[in-house]
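The values are calculated or read from the model by the stated rules, or taken from the named source; none is laboratory data. Please read all numbers here as calculations on a predicted model, not as lab measurements. Here the Cβ positions follow ideal geometry from the backbone for every residue, glycine too, while neighbour counts run over all protein chains shown.
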Amino acid sequence: MVKCIEAETLSSEIPNDSTIALVGFGGMGQCDKILKAIGQNFKQKGHPNNLTVFHTAGQSDKTNGIEYIAEEGLISRVIGGHWGLAPKMRGLIEENKIDCYCFPQGQLTHLLRAMANKMPGQISPIGIGTFIDPRIEGGKFNERTKQKEDLIKVVIIEQEEFLLYPSIAFDYVFIRGTSIDENGNITAEEEPLKLEILSAAHAAKAYGGKVIAQVKYEVKKDTMHPKDVVVPGYLVDGYVIVDDPDTEHRQVPSTVYNPVFSGDVRTPSVSLEPIPLDIRKVIGRRAVQEVTDPAVVNLGIGIPGDVIGPITHEEGLNSLITLTLESGIVGGVPIGANEFGVARNADAILDHEYLFDYYHGTGIDITFMGAAEVDQTGNVNVSKFGTRSVGCGGFIDITQTAKKVIFCTTFTGGGLKVEVENGKLSIIQEGKIKKFKNQVQQITYSGRFAADHDNDVIYVTERAVFVLTKDGLVLTEIAPGIDIEKDILAQMEFKPIISSDLSEMDPRLFVDGPMKLFNQNVISFKQEAFQRTN
């Protein structure tokens with residue numbers, strides 16, 4: 001039988017200098033009781049300390065998860081993908097209190113499988129030409145880490161360049177499920193995501209590490225359906241039972257448990273209200289106009305994750321496209337905000353790493369991504385801007401292989417106010433921060449790589465649309481009511497190429513109510529279907 005242990009006892013048993021791995025996605029899937037106990041034990045006794053922490057996706061909703069252990073001295077090094085919703089952890093990184101290596105989320109999920117197979121690491125072209133490339137920054141995410149060793153290497157296989165993401169031995173892996181039986185078998189029936197808990201458990205055992213689970217329920221052996229078991233008992237060394245799910249085991253930040261998010265109940269479509277018309281919806285609408293063929297689509301965090309799903313639902317396009325979220329969600333309507341990664345009415349919930357198989361191998365048809373900075377060569381920065389070091393998440397994995405990339409961003413930042421009415425856009429207050437730079441602070445997306453590979457790349461804002469060419473960014477559309485000199489060119493650090501066919505953005509973007517995109521696009525969909533069957 002697998003032993004039940006107290007979180008406080010577990011935190012005392014973790015040796016100093018250990019390497020621990022966390023599994024979660026934003027505010028979901030966190031082992032909050034375990035992490036709270038580790039943080040409290042360190043504050044009271046100074047133990048454990050000097051930990052290396054590994055994780056794939058972001059691990060907090062601003063208050064939970066990794067934030068419980070974000071203490072100087074407790075952690076000495078972190079290897080992960082994203083800290084946008086982890087302000088304390090981000091503070092340690094930005095203030096050079098810890099070493100920090102930022103690697104692509106999908107590569108880290110696949111690294112777990114490589115480790116499970118005792119491989120030297122994960123080999124992939126993903127990251128070449130970005131700040132991950134050791135010839136640029138090597139994923140070293142602060143000044144302190146720049147003085148430390150390179151972890152990533154460039155390797156040549158049959159005259160082609162790849163990056164080697166090295167294997168890392170774990171002492172402990174913390175995973176979360178819903179129920180555990182007397183043999184240690186774990187199910188995840190109330191969880192909104194499957195994540196990479198099985199791969200993480202395999203990776204730990206391959207190097208002699210321990211697997212500890214946090215669960216809500218204990219059940220008798222032989223009562224679980226074998227297909228429901230997500231981690232078999234022989235991989236589990238111990239488990240912690242939560243006392244208070246409200247504070248220790250919330251399904252998503254907004255609720256302890258909602259069967260809609262775990263896929264057990266479907267919400268009637270009529271209950272999904274349209275989002276209000278504002279600057280973000282204008283950007284999302286224009287981006288959605290690029291969907292003119294049957295497509296498998298990915299939504300990134302920020303504007304895409306918050307508005308694209310509701311827009312496609314409002315326009316009746318969900319039956320014609322397949323929306324995916326990197327967390328493993330297929331179909332449905334994404335929640336967005338600090339619950340990005342979860343959806344209502346999902347058609348499928350896959351393991352985290354399996355969806356990245358599709359992203360890396362087949363390549364998504366269209367990905368909608370945010371952008372903090374864009375430069376004249378088409379480079380995009382979403383990982384580090386100003387003093388904020390948020391990380392790349394799955395951005396690099398997805399954009400580097402997508403057939404079409406649509407970046408969605410406001411034209412300026414820092415106080416921008418606009419008015420959307422009567423088919424026009426008015427700038428009430430210009431943003432203080434220019435997003436279109438001579439040079440981005442960090443290369444999260446390589447415009448040169450994209451242009452060299454003839455990738456289809458579009459940059460959508462509320463007032464202008466650009467496309468990427470080998471010669472740089474080309475301005476192709478401007479919003480009605482916008483002055484090109486005052487509102488566009490004067491708000492950029494470089495002058496883009498201006499298309500000889502410069503046109504006005506569709507005025508329907510700036511009018512409340514459905515745009516009837518289904519009626520507009522369905523002809524294209526039907527023509528495509530006809531061609532495929534004849």
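Of the residues in region 329-353, how many are at positive phi and touching a Phe, Trp or Tyr at 6+ places or on another chain (Cβ under 7 Å)? The number of residues fulfilling the criteria is 1. From the list ALA188, ALA213, the lone residue that is of a type in the set (A, V, I, L, M) and in contact with a helix residue (DSSP H, G or I) (Cβ under 8 Å, 6 or more places away or on another chain) is ALA188. Pick out the one residue from ILE275, ILE283, ILE311, ILE301 that is under 24 Å from GLY29 (Cβ atoms), in contact with a helix residue (DSSP H, G or I) (Cβ under 9 Å, 6 or more places away or on another chain) and not in a strand (DSSP E or B). Result of the check over ILE275, ILE283, ILE311, ILE301: ILE301. What do you reckon, is GLY415 part of a loop (DSSP other than H, G, I, E, B) and over 18 Å from the mean Cα position of the chain (by Cα)? Here the answer is yes, as GLY415 does meet what is asked. Scanning region 493-534 for residues that are at pLDDT below 80 and part of a loop (DSSP other than H, G, I, E, B) yields a total of 1. Scanning region 337-352 for residues that are surrounded by 24 or more Cβ atoms within 10 Å (Cβ to Cβ) and within 17 Å of the chain's Cα centre (by Cα) returns PHE340, GLY341, VAL342, ALA343, ILE349, HIS352.
Checking ILE458, ILE484, ILE488, ILE443 one by one, the residue that is over 24 Å from PRO304 (Cα atoms) and either assigned by TED's automatic domain parsing to the domain that holds THR387 or modelled with pLDDT of 95 or more (or both) is ILE484 and no other. The condition of being over 30 Å from THR409 (Cβ atoms), free of Cβ contacts under 8 Å to residues at least 40 places away in the same chain and surrounded by fewer than 16 Cβ atoms within 10 Å (Cβ to Cβ) holds for only one of ASP228, ASP244, that being ASP244.
When each of PRO134, PRO166, PRO104 is tested for being crowded, with 24+ Cβ neighbours inside 10 Å and in contact with a strand residue (DSSP E or B) (Cβ under 9 Å, 6 or more places away or on another chain), the lone residue that passes is PRO104.
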